[in-house]
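J.: Encoded as structure tokens, here's the structure I'll be asking about.
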Amino acid sequence: MKYFIVTYGCQMNVHESEKIAGILEKMGYECGESREEADIIVFNTCAIREGAEDRVFGNVGALKKQKKRNKDLIIVVCGCMTQKEKTAKYLLTTFPFVDIVLGTFNITKLEEYIHKVKNGRQLELWAEGNIDETLPYKRTSGENAWVNIMQGCNNFCTYCIVPYVRGREKSRQEEAILNEVRKIVAEKKYKKITLLGQNVNSYGKDLEPQVSFSQLLKDICAIEGDFEVGFMTSHPKDLTDDLIDTIASQPKIEKNIHLPAQSGDNRILKLMNRKYTREHYLSIIKKIKDKIPNARITSDFIVGFPTETEEEFERTLSLVNEVRYDSIFAFMYSPREGTVASTMEGQISDKVKHERVNKLIALEKKIQKEDNKS
Ligand code: SAH
Ligand code: SF4
Ligand code: F3S
């Protein structure tokens with residue numbers, strides 16, 4: 001029996017697919033080479049932008065024929081899209097050949113659901129559940145081992161669906177993380193450990209007693225062995241001097257800092273609920289450059305946020321010019337149902353969003369060429 005997993009979205013999802021693979025292998029399935037030869041196909045989905053969701057609908061729809069040929073094929077759709085009740089229901093009614101629809105909190109139930117579906121039922125489960133630390137992972141990212149340090153997000157940036165599909169911030173116990181890292185290091189197969197969270201700088205604020213992200217990093221670096229530690233993603237509002245000092249002083253910490261700015265304009269940053277200003281953001285960048293001269297700094301930007309004027313967009317260009325990032329991701333704003341920004345007046349046309357994203361990408365390419373960065 002073979003499985004095939006299709007993963008969309010961020011590193012969190014990539015890592016969660018490793019958990020899904022672990023569950024399936026424990027059940028006796030083997031990793032298949034393609035969808036065609038699989039007995040079970042899992043789509044681990046992303047809801048961050050409309051384009052990501054459309055790709056899932058297209059790919060799930062395309063399985064209709066395969067399911068007709070092979071009645072025993074099990075099709076599972078899980079991840080961030082299916083954590084939205086409306087989307088979960090839509091998937092089940094539009095694609096009646098889908099067998100299981102699971103939300104992000106319910107991966108733990110996958111085995112139980114596969115057994116149930118073998119008795120011929122279509123199943124949906126999207127409500128809140130618990131994260132099960134005992135589930136096995138099948139690590140698939142070569143020399144890098146992902147380690148999740150927290151779930152969810154409390155920030156509610158007005159454009160973003162993540163807090164709705166991943167719930168509130170919940171940090172793992174420090175000892176559980178350290179034990180996982182010790183095990184990974186002892187295996188001697190991995191050169192790098194990447195800590196994952198939507199906003200890693202808020203790690204530990206919800207723990208009793210509190211543990212800071214800097215402390216966690218120091219405790220991980222104290223583990224004996226030859227490895228590098230990276231992390232993503234940092235939110236500028238929580239990037240403390242203490243954390244910059246820790247990154248600068250610990251040789252095991254990778255000097256890559258992904259610090260999404262989203263916009264270079266203060267009015268738009270406020271509308272986005274990002275809780276920092278352009279000036280504050282630039283002051284953090286300056287500190288990083290001063291204390292970690294070899295830092296590789298990257299960012300995300302959204303263009304065409306509701307009401308963004310040409311002048312305000314140009315302030316994003318000027319921020320990129322000022323920081324001279326090593327690389328950036330530029331996204332066209334995509335309205336997500338249920339978020340504050342999706343109902344704001346002054347939505348920007350696709351044409352303008354395309355023009356702005358192209359300008360931003362062109363600027364980044366020019367900077368990379370000038371600075372000779374790859
Ligand atoms: N937690 C991370 C980001 C997760 S989403 C952080 O706060 O930085 C990754 C990126 O997708 C975001 O940085 C943002 O640039 C982009 N993004 C999120 N919602 C979006 C939307 N509705 N439309 C376009 N881009 C979006
Ligand atoms: Fe989304 Fe903002 Fe949370 Fe990042 S910090 S996941 S952009 S709400
Ligand atoms: Fe997408 Fe969910 Fe990650 S919405 S970006 S897969 S947290």
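J.: Residues of region 320-348 being assigned to a helix (DSSP H, G or I) and more than 14 Å from ligand 1 (Cβ to nearest atom), which ones?
T.: If the condition is that a residue be assigned to a helix (DSSP H, G or I) and more than 14 Å from ligand 1 (Cβ to nearest atom), then Asn321, Glu322, Val323 are the ones that fit.
J.: Filter region 179-191 for residues that are open to solvent by 30 Å² or more (accessible area, probe 1.4 Å) and under 21 Å from Gln215 (Cβ atoms); which is farthest from ligand 3 (Cβ to nearest atom)?
T.: Arg182
J.: Turning to a different aspect of this structure: Assess whether Ile268 counts as being open to solvent by less than 10 Å² (accessible area, probe 1.4 Å), within 16 Å of ligand 2 (Cβ to nearest atom) and more than 22 Å from the chain's Cα centre (by Cα).
T.: Yes; evaluated as a whole, the condition is true for this residue.
J.: Among the residues of region 289-303 satisfying the criterion of being away from ligand 1 (no atom under 16 Å from the Cβ) and touching a residue at least 12 places away in the same chain (Cβ under 8 Å), which is surrounded by the fewest Cβ atoms within 10 Å (Cβ to Cβ)?
T.: The selected residue is Asn294.
J.: While we're looking at this one, here's another question. Regarding region 199-206, can at least one residue be identified that is of a type outside the set (Phe, Trp, Tyr), under 24 Å from Cys157 (Cβ atoms) and more than 16 Å from ligand 1 (Cβ to nearest atom)?
T.: yes
J.: Turning to a different aspect of this structure: Could you pull out every one of the helices (runs of 4 or more DSSP H) wholly within region 4-117 that has 2 or more residues that are at pLDDT below 95 and buried (at least 16 other Cβ atoms within 10 Å of the Cβ)?
T.: In region 4-117, the matching helices (runs of 4 or more DSSP H) lie at 11-26, 50-61, 85-94, 110-117.
J.: Would you mind finding the one in Gln66, Gln83, Gln151 that is in the same structural domain as Gly28 (by TED's automatic domain parsing), within 16 Å of ligand 2 (Cβ to nearest atom) and polar (S, T, N, Q)?
T.: That would be Gln83, the only listed residue that is in the same structural domain as Gly28 (by TED's automatic domain parsing), within 16 Å of ligand 2 (Cβ to nearest atom) and polar (S, T, N, Q).
J.: Name the single residue, out of those in region 324-339 being out of contact with any helix residue (DSSP H, G or I) (no Cβ under 6 Å at 6 or more places or on another chain) and surrounded by 16 or more Cβ atoms within 10 Å (Cβ to Cβ), that is nearest to Tyr164 (Cα to Cα).
T.: Thr339
J.: Could you give me the residue pairs with C-beta distances under 9 Å whose first residue belongs to region 12-39 and is on the phi > 0 side of the Ramachandran plot, whose second residue is away from ligand 2 (no atom under 16 Å from the Cβ) wherever it lies, and which are 6+ apart or on separate chains?
T.: Once the first residue is on the phi > 0 side of the Ramachandran plot and sits in region 12-39, its partners that are away from ligand 2 (no atom under 16 Å from the Cβ) give Gly28/Met1.
J.: Next question. I need every pair where a residue in region 334-345 that is in the same structural domain as Arg356 (by TED's automatic domain parsing) has its Cβ under 6 Å from the Cβ of a residue that is open to solvent by less than 30 Å² (accessible area, probe 1.4 Å) and outside any loop (DSSP other than H, G, I, E, B), sequence separation at least 6 or different chains.
T.: none
J.: Follow-up. Tell me which residues, restricted to region 132-152, are surrounded by 15 or more Cβ atoms within 10 Å (Cβ to Cβ) and not β-branched (Val, Ile, Thr).
T.: Scanning region 132-152 gives Leu135, Tyr137, Lys138, Arg139, Asn144, Ala145, Trp146, Asn148, Met150, Gln151, Gly152.
J.: Mind checking which residues of region 192-219 are open to solvent by 10 Å² or more (accessible area, probe 1.4 Å) and either under 21 Å from Ser17 (Cα atoms) or not assigned by TED's automatic domain parsing to the domain that holds His235 (or both)?
T.: Lys192, Gln198
The values are calculated or read from the model by the stated rules, or taken from the named source; none is laboratory data. Since this is a predicted model, take the numbers as computed values, not measurements. Note that each Cβ is placed from the backbone with ideal geometry, even for glycine, and that neighbours are counted across all protein chains shown. When the accessible area is computed, the model is the full protein with side chains, heavy atoms only, and any ligands, DNA or RNA have been set aside. Shrake-Rupley method; radii C 1.70, N 1.55, O 1.52, S 1.80 Å.
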